[in-house]
1. By the gyration tensor of its Cα atoms, with a ≥ b ≥ c the square roots of the eigenvalues, what is the shape of segment A:209-265: rounded for a/c under 1.5, prolate for a/b over b/c, or oblate?
2. With all distinct Cα pairs included, what does the Kirkwood hydrodynamic radius of segment B:2-79 come out to in Å, to one decimal, could you say?
3. Please list A:293-303, A:40-50, A:77-87 highest first by mean number of surrounding beta-carbon atoms within 10 Å per residue.
4. Among B:18-24, A:248-254, what's the highest-first ranking by average C-beta atoms within 10 angstrom per residue?
5. For A:Pro278, what charge total do you get from the other residues with a beta carbon under 12 Å from its beta carbon, if Lys and Arg give +1 and Asp and Glu give -1?
6. Per residue of B:57-66, count partner chain C-beta atoms within 10 Å of its C-beta, then hand back the mean as an integer.
7. Which order do peptides A:125-133, A:53-61, A:147-155 fall in by mean Cβ count within 10 Å, highest first?
8. For segment A:143-160 and segment B:2-45, write down the distance between their C-alpha centroids in whole Å.
Amino acid sequence: MKEVKADRGEIKRPISDSFEVFQAACPEHRKAIDFLRSWTPPEDLEDLDAEVLIEHVEYSYIAKETVPWGSRIGEELFFGYVLPYRTWAEPIERWRKLLYSELYPLVGRSEDPVEAAMEENRWAAGKAHFEDIPVTYKSPLRTMADGCGDCIDLSIFLVAACRSVGIPARGVFSPWMPLGHDGTHMWTEIWGGKWHYLGSCEPERVPDRAWFSMHIKRAAKVYALSFRGTGSMLGLGYCPDVWVEDVTERYTTVGTLRAKVTADGTPVPGCRLYVLVPNSKNELVLVASSETDAQGSVEMKLGSQVELYFVCAGDLRKNCGQFVYIDTGRTEEVHLKM
Amino acid sequence: MVERKIKELLVRVLHLDVDPSEIGDHELLFDGLGLDSLAALKLVAGIEEEFGIRVEDEELTVELFESVASLSEFVRRKLGTGGTV
């Protein structure tokens, strides 16, 4: 992961004239609006429609106040995983009121948010199914209109459906899964006392069960996507960057990689370190990257069920690095010379 | 027997045109019989229903689905019988 200082001040913009309408909001809603604007990427801020934002805030609170579990969701979870209008890089749209109107009658009387999310997943499966299409990061309503999407689209859709009725939800991404899948995958996590995973639009009878249950126990890295800054960004280059929380340890056993990068015997700070795994075609797939600290070092957790990792520093194209084995609960030290 | 019931489930889930008794106890399910992730989930659902047990997320491993023998051992352990069922 790319280490980034989570400083709201870096991306916060002054309130533009178009946001005058915010002044009419109650203090609670204003705090929520401020939170959303604070973590909206600068490039999206100018296009952020005030009416769209206000609808997201109003209906987030309507959901919180009308579902039985709403009062049990603390502010941290509510702000982080209910309020956000976006999961990854999809267009910003007005999905919340529509989805709330459709889903509250379906799950609004359930006492258990996990049961409610599973019911929503059944509903979502009836609205959209998986298709192996080019990655475009579709909005929830686009996926619903198309009736199909890839795993990213379906996860964005299910996360929105859950958030619309006040269930904390987030997308989870793995850059590579073994056992024949041999590629990226994304699914949904929902909060019901703890995080549970669901195959997006792929309902099962119980939570924490999906066709990829076996695959993720051998994953290299698993990232939970976050709207709010976490201090770490995905940093994989081949997909849009986003704040992430490393949740690898919740899915598989892990070991620690400790890498030191030097040039002519001197530590190299600020050097990018890349971690890759060989896929079934023996091509190297990037699963993590991070920058060396002031001492030229990086430390990260990696899935220990992966047979082999390739670690390199500085320039991914040169592939100058070495293969390493990561054992469960142990630390593997690597010294890379540039 | 647990083995026989699991073989019947395999035939049903994988739509195999064989008699269940023709499946070997140690035949590899993924590489040999053509079991895939989706079919494995259906098999789990069938096993849960057939034997009245619950398979937990942490128990869903590749090793579990290696063969009829590994699945049978797992079922017996869950049932607490240890021996034959």
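1. Working: a/c = 2.29, a/b = 1.35, b/c = 1.70.
Here segment A:209-265 falls in the oblate category.
2. Details: mean 1/r = 0.0815 Å⁻¹.
About 12.3 Å, per the Kirkwood formula over Cα pairs.
3. Descending mean neighbour count gives A:77-87, A:293-303, A:40-50.
4. Numbers: B:18-24: 13.4, A:248-254: 18.9.
Highest mean packing first, the order is A:248-254, B:18-24.
5. Values: positive: A:Lys281; negative: A:Asp182, A:Glu283, A:Glu307.
So the environment of A:Pro278 carries a net charge of -2.
6. Numbers: counts 11, 3, 1, 9, 5, 7, 2, 1, 1, 0.
For peptide B:57-66, the averaged partner shielding equals 4.
7. Most protected by this proxy first, the peptides run A:147-155, A:53-61, A:125-133.
8. Segment A:143-160 and segment B:2-45 have Cα centres spaced 32 Å from each other.
Every number in this text was worked out from the coordinates using simple rules, so none of it is lab data. The structure presented is a predicted model; accordingly, all values stated were derived computationally and were not measured. Cβ coordinates were reconstructed from backbone atoms using ideal geometry, including for glycine residues, and neighbour counts include every protein chain displayed.
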